[in-house]
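Enquirer: Provided herewith is a single structure, encoded as C-alpha coordinates, for subsequent inquiry.
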Amino acid sequence: MKGNSLYLDGVSVVFDGFRALNNLSLIVEPGEMRAVIGPNGAGKTTMMDVITGKTRPTAGTVRFGDHDLTRMDEASIANLGIGRKFQKPTVFDALTVFENLELALKAPRGTLSALHWRLGTEAREKIEETLGEIGLAARAHDLAGILSHGQRQWLEIGMLLMQDPQLLLVDEPVAGMTDQETEHTAALLRRIAGTRSVVVVEHDLEFVRALGRKVTVLHEGTVLSEGPIDQVQADPRVIEVYLGR
Ligand code: ADP
(Lines give C-alpha, C1' and ligand atoms only; values in the text may rest on other atoms or scores of the structure.)
Protein backbone atom coordinates (compact mmCIF):
# COMPACT_ATOMS: atom_id res chain seq x y z
CA MET A 1 0.00 0.00 0.00
CA LYS A 2 1.05 3.59 -0.36
CA GLY A 3 2.07 5.61 2.67
CA ASN A 4 5.15 6.29 4.67
CA SER A 5 7.42 3.91 6.49
CA LEU A 6 8.60 4.84 9.97
CA TYR A 7 12.37 4.54 10.43
CA LEU A 8 14.26 4.81 13.68
CA ASP A 9 17.94 4.70 12.84
CA GLY A 10 20.53 4.46 15.62
CA VAL A 11 18.41 6.49 18.03
CA SER A 12 19.84 7.25 21.46
CA VAL A 13 18.31 9.36 24.22
CA VAL A 14 20.46 10.26 27.19
CA PHE A 15 18.90 11.77 30.35
CA ASP A 16 21.55 13.04 32.79
CA GLY A 17 24.02 10.42 31.64
CA PHE A 18 21.40 7.61 31.68
CA ARG A 19 20.74 5.97 28.28
CA ALA A 20 16.97 5.52 28.00
CA LEU A 21 17.43 4.58 24.32
CA ASN A 22 20.68 3.09 23.10
CA ASN A 23 21.25 2.92 19.35
CA LEU A 24 17.66 1.80 18.65
CA SER A 25 16.82 0.94 15.04
CA LEU A 26 13.37 -0.09 13.89
CA ILE A 27 11.32 0.03 10.68
CA VAL A 28 7.52 -0.07 10.57
CA GLU A 29 6.14 -0.48 7.04
CA PRO A 30 3.01 1.29 5.79
CA GLY A 31 -0.08 -0.56 7.04
CA GLU A 32 1.94 -2.73 9.41
CA MET A 33 0.91 -3.25 13.03
CA ARG A 34 3.86 -3.69 15.39
CA ALA A 35 3.66 -4.65 19.05
CA VAL A 36 6.49 -3.38 21.26
CA ILE A 37 7.05 -5.12 24.57
CA GLY A 38 9.78 -5.07 27.19
CA PRO A 39 10.27 -4.84 30.94
CA ASN A 40 9.71 -1.60 32.86
CA GLY A 41 12.38 0.94 32.02
CA ALA A 42 13.17 -0.72 28.65
CA GLY A 43 12.57 2.58 26.82
CA LYS A 44 9.12 1.98 25.32
CA THR A 45 7.65 5.32 26.40
CA THR A 46 10.80 7.17 25.38
CA MET A 47 10.57 5.54 21.93
CA MET A 48 7.01 6.83 21.52
CA ASP A 49 8.16 10.26 22.74
CA VAL A 50 10.92 10.53 20.12
CA ILE A 51 8.49 9.58 17.34
CA THR A 52 6.01 12.31 18.34
CA GLY A 53 8.71 14.93 18.92
CA LYS A 54 8.08 15.17 22.66
CA THR A 55 11.68 14.11 23.32
CA ARG A 56 14.64 14.90 21.07
CA PRO A 57 17.11 12.12 20.35
CA THR A 58 20.64 12.72 21.54
CA ALA A 59 21.84 10.81 18.45
CA GLY A 60 20.31 9.08 15.44
CA THR A 61 17.39 9.95 13.20
CA VAL A 62 13.66 9.31 13.12
CA ARG A 63 12.06 9.51 9.67
CA PHE A 64 8.52 9.11 8.39
CA GLY A 65 8.88 8.63 4.64
CA ASP A 66 10.99 11.59 3.53
CA HIS A 67 10.20 13.64 6.63
CA ASP A 68 12.97 13.96 9.19
CA LEU A 69 10.95 14.01 12.43
CA THR A 70 14.01 14.92 14.47
CA ARG A 71 13.89 18.37 12.88
CA MET A 72 10.16 18.92 13.40
CA ASP A 73 8.10 20.17 16.34
CA GLU A 74 5.26 18.15 17.91
CA ALA A 75 2.46 20.01 16.12
CA SER A 76 4.05 19.53 12.67
CA ILE A 77 4.58 15.83 13.37
CA ALA A 78 0.92 15.43 14.44
CA ASN A 79 -0.02 17.22 11.25
CA LEU A 80 1.73 14.58 9.13
CA GLY A 81 -0.92 12.19 10.44
CA ILE A 82 0.89 10.67 13.40
CA GLY A 83 -1.64 10.28 16.21
CA ARG A 84 -0.98 9.06 19.74
CA LYS A 85 -3.33 7.49 22.19
CA PHE A 86 -2.12 7.69 25.77
CA GLN A 87 -3.06 5.10 28.33
CA LYS A 88 -5.61 7.31 30.07
CA PRO A 89 -8.55 8.20 27.82
CA THR A 90 -9.26 11.90 27.37
CA VAL A 91 -12.79 11.76 26.03
CA PHE A 92 -15.32 14.49 26.82
CA ASP A 93 -17.73 12.96 29.36
CA ALA A 94 -20.44 15.58 28.95
CA LEU A 95 -20.69 15.00 25.19
CA THR A 96 -22.25 11.97 23.54
CA VAL A 97 -20.15 9.40 21.72
CA PHE A 98 -21.27 10.94 18.43
CA GLU A 99 -20.38 14.45 19.58
CA ASN A 100 -16.93 13.36 20.73
CA LEU A 101 -16.21 12.02 17.23
CA GLU A 102 -17.65 15.17 15.69
CA LEU A 103 -15.40 17.33 17.84
CA ALA A 104 -12.35 15.31 16.86
CA LEU A 105 -13.18 15.74 13.19
CA LYS A 106 -13.21 19.53 13.53
CA ALA A 107 -10.25 19.98 15.85
CA PRO A 108 -6.77 20.45 14.37
CA ARG A 109 -4.68 17.32 14.60
CA GLY A 110 -2.83 17.05 17.88
CA THR A 111 -4.96 19.72 19.53
CA LEU A 112 -8.31 18.23 20.45
CA SER A 113 -9.99 21.23 22.00
CA ALA A 114 -13.54 22.50 22.17
CA LEU A 115 -14.64 24.27 19.01
CA HIS A 116 -17.95 25.38 17.54
CA TRP A 117 -18.91 23.44 14.49
CA ARG A 118 -21.69 22.63 12.07
CA LEU A 119 -22.18 19.14 10.80
CA GLY A 120 -22.57 18.33 7.11
CA THR A 121 -23.63 15.04 5.49
CA GLU A 122 -20.08 14.05 4.69
CA ALA A 123 -19.08 14.50 8.32
CA ARG A 124 -22.05 12.46 9.50
CA GLU A 125 -21.10 9.60 7.14
CA LYS A 126 -17.54 9.63 8.35
CA ILE A 127 -18.68 9.58 11.99
CA GLU A 128 -21.06 6.71 11.29
CA GLU A 129 -18.32 4.74 9.55
CA THR A 130 -16.04 5.27 12.55
CA LEU A 131 -18.81 4.32 15.01
CA GLY A 132 -19.03 1.01 13.15
CA GLU A 133 -15.27 0.58 13.12
CA ILE A 134 -14.98 1.05 16.90
CA GLY A 135 -18.11 -1.00 17.64
CA LEU A 136 -20.05 1.83 19.34
CA ALA A 137 -22.83 2.46 16.81
CA ALA A 138 -25.49 1.46 19.34
CA ARG A 139 -24.06 3.91 21.88
CA ALA A 140 -23.77 6.92 19.57
CA HIS A 141 -26.19 9.07 21.54
CA ASP A 142 -25.11 8.06 25.03
CA LEU A 143 -22.93 10.40 27.02
CA ALA A 144 -19.28 9.35 27.00
CA GLY A 145 -19.33 9.69 30.79
CA ILE A 146 -21.54 6.61 31.20
CA LEU A 147 -19.42 4.31 29.01
CA SER A 148 -17.33 1.49 30.44
CA HIS A 149 -13.56 1.87 30.70
CA GLY A 150 -13.09 -0.22 27.54
CA GLN A 151 -15.68 1.71 25.56
CA ARG A 152 -14.02 5.01 26.47
CA GLN A 153 -10.71 3.67 25.17
CA TRP A 154 -12.37 2.67 21.87
CA LEU A 155 -14.03 6.05 21.62
CA GLU A 156 -10.68 7.72 21.97
CA ILE A 157 -9.24 5.50 19.23
CA GLY A 158 -12.24 6.58 17.16
CA MET A 159 -11.44 10.24 17.84
CA LEU A 160 -7.93 9.68 16.50
CA LEU A 161 -9.35 7.88 13.43
CA MET A 162 -11.50 10.94 12.68
CA GLN A 163 -8.25 12.79 12.06
CA ASP A 164 -7.12 10.39 9.30
CA PRO A 165 -3.90 9.18 10.87
CA GLN A 166 -1.33 7.39 8.74
CA LEU A 167 0.39 6.11 11.85
CA LEU A 168 -1.28 5.49 15.18
CA LEU A 169 0.80 5.10 18.35
CA VAL A 170 -1.09 3.32 21.12
CA ASP A 171 0.16 3.16 24.72
CA GLU A 172 -0.98 0.14 26.77
CA PRO A 173 -4.54 0.04 25.44
CA VAL A 174 -5.79 -2.92 27.47
CA ALA A 175 -4.56 -1.98 30.95
CA GLY A 176 -7.55 -2.40 33.30
CA MET A 177 -9.77 -4.06 30.69
CA THR A 178 -11.84 -7.23 31.12
CA ASP A 179 -10.88 -10.26 29.00
CA GLN A 180 -13.78 -9.57 26.69
CA GLU A 181 -12.81 -5.91 26.26
CA THR A 182 -9.22 -7.00 25.59
CA GLU A 183 -10.41 -9.31 22.81
CA HIS A 184 -12.54 -6.55 21.31
CA THR A 185 -9.54 -4.20 21.39
CA ALA A 186 -7.33 -6.71 19.56
CA ALA A 187 -9.98 -7.11 16.87
CA LEU A 188 -10.40 -3.34 16.62
CA LEU A 189 -6.67 -2.73 16.16
CA ARG A 190 -6.44 -5.52 13.58
CA ARG A 191 -9.22 -3.80 11.63
CA ILE A 192 -7.51 -0.41 11.83
CA ALA A 193 -4.10 -1.67 10.70
CA GLY A 194 -3.76 -2.22 6.99
CA THR A 195 -5.11 1.14 5.99
CA ARG A 196 -2.93 2.78 8.67
CA SER A 197 0.24 1.73 10.45
CA VAL A 198 -0.08 1.01 14.16
CA VAL A 199 2.57 0.75 16.89
CA VAL A 200 1.23 -0.73 20.14
CA VAL A 201 3.19 -0.70 23.39
CA GLU A 202 1.76 -3.30 25.75
CA HIS A 203 2.62 -5.46 28.78
CA ASP A 204 -0.14 -8.01 28.32
CA LEU A 205 1.42 -10.84 26.31
CA GLU A 206 -1.90 -12.61 25.72
CA PHE A 207 -3.17 -9.44 24.06
CA VAL A 208 0.00 -9.21 21.98
CA ARG A 209 -0.58 -12.82 20.94
CA ALA A 210 -4.16 -11.93 19.94
CA LEU A 211 -2.82 -9.11 17.75
CA GLY A 212 -0.94 -11.81 15.88
CA ARG A 213 1.69 -9.58 14.31
CA LYS A 214 5.43 -8.99 14.52
CA VAL A 215 6.73 -8.18 17.99
CA THR A 216 9.76 -6.09 18.95
CA VAL A 217 11.21 -6.70 22.41
CA LEU A 218 13.06 -3.73 23.87
CA HIS A 219 15.59 -4.05 26.66
CA GLU A 220 17.89 -1.35 27.98
CA GLY A 221 16.89 1.01 25.20
CA THR A 222 17.57 -1.26 22.24
CA VAL A 223 16.07 -4.20 20.32
CA LEU A 224 16.66 -7.48 22.13
CA SER A 225 14.58 -9.69 19.83
CA GLU A 226 12.12 -9.33 16.97
CA GLY A 227 9.68 -11.70 15.26
CA PRO A 228 6.42 -13.57 15.80
CA ILE A 229 5.34 -13.85 19.46
CA ASP A 230 6.12 -17.58 19.72
CA GLN A 231 9.61 -16.99 18.38
CA VAL A 232 10.44 -14.08 20.73
CA GLN A 233 8.94 -15.88 23.73
CA ALA A 234 11.21 -18.85 23.00
CA ASP A 235 14.28 -16.62 22.56
CA PRO A 236 16.68 -17.41 25.45
CA ARG A 237 17.67 -13.72 25.70
CA VAL A 238 14.02 -12.75 26.18
CA ILE A 239 13.46 -15.52 28.73
CA GLU A 240 16.48 -14.34 30.68
CA VAL A 241 15.30 -10.71 30.74
CA TYR A 242 11.74 -11.59 31.78
CA LEU A 243 12.42 -14.49 34.12
CA GLY A 244 16.12 -14.70 34.74
CA ARG A 245 16.45 -12.35 37.68
P1 ADP B 1 9.30 1.99 29.64
O2 ADP B 1 8.23 2.81 29.01
O3 ADP B 1 9.77 0.85 28.78
O4 ADP B 1 8.96 1.52 31.03
P5 ADP B 1 10.74 4.50 29.71
O6 ADP B 1 10.95 4.90 28.30
O7 ADP B 1 9.64 5.15 30.47
O8 ADP B 1 10.61 2.90 29.79
O9 ADP B 1 12.05 4.75 30.54
C10 ADP B 1 13.34 4.28 30.18
C11 ADP B 1 14.29 4.76 31.24
O12 ADP B 1 14.53 6.15 31.09
C13 ADP B 1 13.78 4.55 32.66
O14 ADP B 1 14.85 4.04 33.44
C15 ADP B 1 13.37 5.92 33.11
O16 ADP B 1 13.57 6.08 34.49
C17 ADP B 1 14.29 6.84 32.30
N18 ADP B 1 13.64 8.12 31.97
C19 ADP B 1 12.53 8.27 31.23
N20 ADP B 1 12.23 9.58 31.09
C21 ADP B 1 13.16 10.27 31.79
C22 ADP B 1 13.41 11.67 32.06
N23 ADP B 1 12.62 12.62 31.56
N24 ADP B 1 14.48 11.98 32.82
C25 ADP B 1 15.30 11.02 33.31
N26 ADP B 1 15.13 9.72 33.10
C27 ADP B 1 14.07 9.34 32.36
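The values are calculated or read from the model by the stated rules, or taken from the named source; none is laboratory data. Model, not experiment: these values are computed from the prediction. Reconstructed Cβ throughout: ideal geometry from the backbone, glycine too, with neighbour counts over all protein chains shown.
Enquirer: Consider GLY10 carefully, then state whether it is over 15 Å from the mean Cα position of the chain (by Cα) and either at pLDDT 95 or above or crowded, with 16+ Cβ neighbours inside 10 Å (or both).
Expert: It is true that GLY10 is over 15 Å from the mean Cα position of the chain (by Cα) and either at pLDDT 95 or above or crowded, with 16+ Cβ neighbours inside 10 Å (or both).
Enquirer: When both residues are 6+ apart or on different chains and their Cβ atoms are under 6 Å apart, which pairs have a first residue that lies in segment 46-68 and is within 13 Å of GLY221 (Cα to Cα) and hydrophobic (A, V, I, L, M, F, W, C), and a second that is away from the ligand (no atom under 12 Å from the Cβ) and assigned to a loop (DSSP other than H, G, I, E, B)?
Expert: Every condition considered, the pairs that remain are VAL50/PRO57.
Enquirer: Being modelled with pLDDT under 95 and within 19 Å of GLU202 (Cβ to Cβ) narrows it down to one residue among ARG34, ARG84, ARG71; which is it?
Expert: Testing whether each residue is modelled with pLDDT under 95 and within 19 Å of GLU202 (Cβ to Cβ) leaves just ARG84.
Enquirer: Filter segment 233-245 down to residues that are out of contact with any His (no Cβ under 9 Å at 6 or more places or on another chain) and within 16 Å of the ligand (Cβ to nearest atom), then give me how many there are.
Expert: 2
Enquirer: Name the pairs: first residue in segment 163-187 and closer than 24 Å to SER5 by Cα, second residue surrounded by 18 or more Cβ atoms within 10 Å (Cβ to Cβ) and among the acidic types (Asp, Glu), Cβ to Cβ under 6 Å, at least 6 apart or on different chains?
Expert: That search, which allows pairs on different chains as well, returns GLU172/GLU202.
Enquirer: Residue by residue through segment 44-72, note down the ones that are over 19 Å from VAL14 (Cα atoms) and charged (D, E, K, R).
Expert: Passing the criteria: ARG63, ASP66, ASP68.
Enquirer: Right, another one. Under 7 Å between Cβ atoms, which residue pairs at least 6 apart in sequence (or on different chains) link something in segment 15-30 that is under 22 Å from VAL199 (Cα atoms) and surrounded by fewer than 20 Cβ atoms within 10 Å (Cβ to Cβ) with a partner that is aromatic (Phe, Trp, Tyr) and at pLDDT 95 or above?
Expert: ILE27/TYR7
Enquirer: Mind telling me which of the residues THR182, THR216, THR195, THR222 ends up being closer than 18 Å to GLN153 by Cα and either of a type in the set (Val, Ile, Thr) or over 15 Å from the mean Cα position of the chain (by Cα) (or both)?
Expert: THR182
Enquirer: Next up: Only one of (1) surrounded by 21 or more Cβ atoms within 10 Å (Cβ to Cβ); (2) closer than 25 Å to LEU103 by Cβ; (3) of a type in the set (Ser, Thr, Tyr) fails for SER148. Which number is that?
Expert: The failed condition is (1).
Enquirer: Return the residue satisfying two criteria in turn: it lies in segment 199-220 and is within 14 Å of the ligand (Cβ to nearest atom), of a type outside the set (Ser, Thr, Tyr) and in a strand (DSSP E or B), and of such residues it is nearest to MET33 (Cα to Cα).
Expert: Here the residue is VAL199.
Enquirer: Hey, another quick one. In segment 171-197, what residues are of a type in the set (S, T, N, Q), out of contact with any strand residue (DSSP E or B) (no Cβ under 7 Å at 6 or more places or on another chain) and outside any helix (DSSP H, G or I)?
Expert: Passing the criteria: THR178, THR195.
Enquirer: Pick out, from segment 1-54, the strands (runs of 3 or more DSSP E) lying fully within it that include 1 or more residues that are near the ligand (Cβ under 8 Å from one of its atoms).
Expert: Per the criteria, 6-15, 18-28.
Enquirer: Name the residues in segment 164-190 that are buried (at least 19 other Cβ atoms within 10 Å of the Cβ) and more than 18 Å from LEU211 (Cβ to Cβ), would you?
Expert: GLN166
Enquirer: If you check every pair at least six apart or on different chains, which have Cβ atoms under 9 Å apart with a residue in segment 114-132 that is closer than 19 Å to LEU95 by Cα and assigned to a helix (DSSP H, G or I) first and a residue that is at pLDDT 65 or above and among the basic types (Lys, Arg) second?
Expert: Listed by first residue and then by second, the contacts come to ALA123/LYS106; LEU131/ARG139.
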